[in-house]
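First comes the structure, then the notes that go with it.
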Amino acid sequence: MRILRMPLSGLLFVLLSVSICLAAPKGRSQAFVTRTFTRVTQLRAQLPRLTQQMRQRLTTPALDKATATAIMFELMRQTGMRVGEPAYAKARSRTNAKGETVNTPASYGASTLRAEHVVALDATTGRVQLQFDAKGNKPWTVQLNDPLLAKAMGVFVDRANSQTTTGGSLFATLNARSTISSELAKVNAKPHDLRRSFANNALENALKKAPHPKSREAAVESFKSALEQTQVLMRHSSSNTTKSYIDPSLPARFFTGLTLGDI
């Protein structure tokens with residue numbers, strides 16, 4: 001009888017795929033969930049290296065794509081901010097299901113930030129404070145203490161404030177969304193995977209602070225509490241939306257046999 005041999009990396013991929021399929025969230029195909037969270041798992045494993053690479057770029061900031069990508073990467077990694085889309089960064093009219101014309105307010109993300117969204121920036125103390133309307137016209141306030149990031153952002157804010165041709169956009173002429181998408185594609189990831197990574201990190205950190213559950217019921221309650229904390233950080237209106245960002249295999253790592261369907 002021939003024994004098939006498989007590299008350890010391949011075996012881990014198969015096990016991860018099986019666990020994800022068994023716990024796939026409702027409304028998502030198993031194939032989609034498997035692809036998505038395989039990417040997210042791989043991205044999270046590479047985040048330390050990528051973060052070091054991006055922060056190295058911030059040490060010598062310039063008005064270029066490399067610095068812009070590093071700024072966007074760090075904002076998204078540290079806050080869970082969406083990448084943003086140029087089409088959404090301006091008010092627009094659309095027709096709803098009733099055939100009525102309605103106005104859709106502008107919404108912003110890391111790639112579409114404007115100088116007006118930077119309400120505080122101090123390279124000495126590292127204070128970074130942003131205020132903007134995100135998806136669903138939800139107001140976001142972001143506060144960070146990061147001298148490297150503050151210094152690099154200052155270069156783009158100064159340019160945006162001094163040149164009327166940029167329209168106040170921090171990353172005007174740099175095709176920012178495409179730039180960070182191309183950067184992440186090098187590690188088989190997508191911009192939104194950074195937001196998914198943030199959600200899973202936040203949930204895991206909340207679970208670490210919870211007492212170890214002695215029963216399934218206690219595990220469910222602890223997980224729900226951690227999920228609610230993550231929901232607040234993600235600015236989601238519903239915990240079901242937050243659950244769609246969570247690796248389906250995570251509950252079982254917290255308590256044997258637990259699934260997202262139990263939460």
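Overview of values
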| item | result |
| --- | --- |
| Breaking point among (1) over 23 Å from L149 (Cα atoms); (2) assigned to a helix (DSSP H, G or I), for V102 | (2) |
| Hits in the stretch 148-169 (condition: assigned to a helix (DSSP H, G or I), of a type outside the set (S, T, N, Q) and either modelled with pLDDT of 95 or more or surrounded by fewer than 18 Cβ atoms within 10 Å (Cβ to Cβ) (or both)) | L148, L149, A150, K151, A152, M153, G154, V155, F156, V157, D158, R159 |
| Residue list for the stretch 212-237, filter: of a type in the set (S, T, Y), modelled with pLDDT of 95 or more and either within 16 Å of R195 (Cβ to Cβ) or under 19 Å from the mean Cα position of the chain (by Cα) (or both) | T230 |
| Residues of the stretch 170-218 satisfying the condition of being crowded, with 22+ Cβ neighbours inside 10 Å, touching a Lys or Arg at 6+ places or on another chain (Cβ under 8 Å) and assigned to a loop (DSSP other than H, G, I, E, B) | L170, A189 |
| Restricting the stretch 54-82 to residues that are part of a loop (DSSP other than H, G, I, E, B) and of a type outside the set (S, T, Y), the residue that is nearest to A123 (Cα to Cα) | P61 |
| The lone exception for K190 - which of (1) modelled with pLDDT under 95; (2) touching a Ser or Thr at 6+ places or on another chain (Cβ under 8 Å) it fails | (1) |
| The stretch 64-92, subset modelled with pLDDT of 95 or more and over 18 Å from the mean Cα position of the chain (by Cα), residue surrounded by the fewest Cβ atoms within 10 Å (Cβ to Cβ) | D64 |
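The values are calculated or read from the model by the stated rules, or taken from the named source; none is laboratory data. Note that the coordinates shown come from a computational prediction; the quantities given were computed from them, not determined experimentally. Cβ sites come from the backbone with ideal geometry, for glycine too, and all protein chains shown count toward neighbours.
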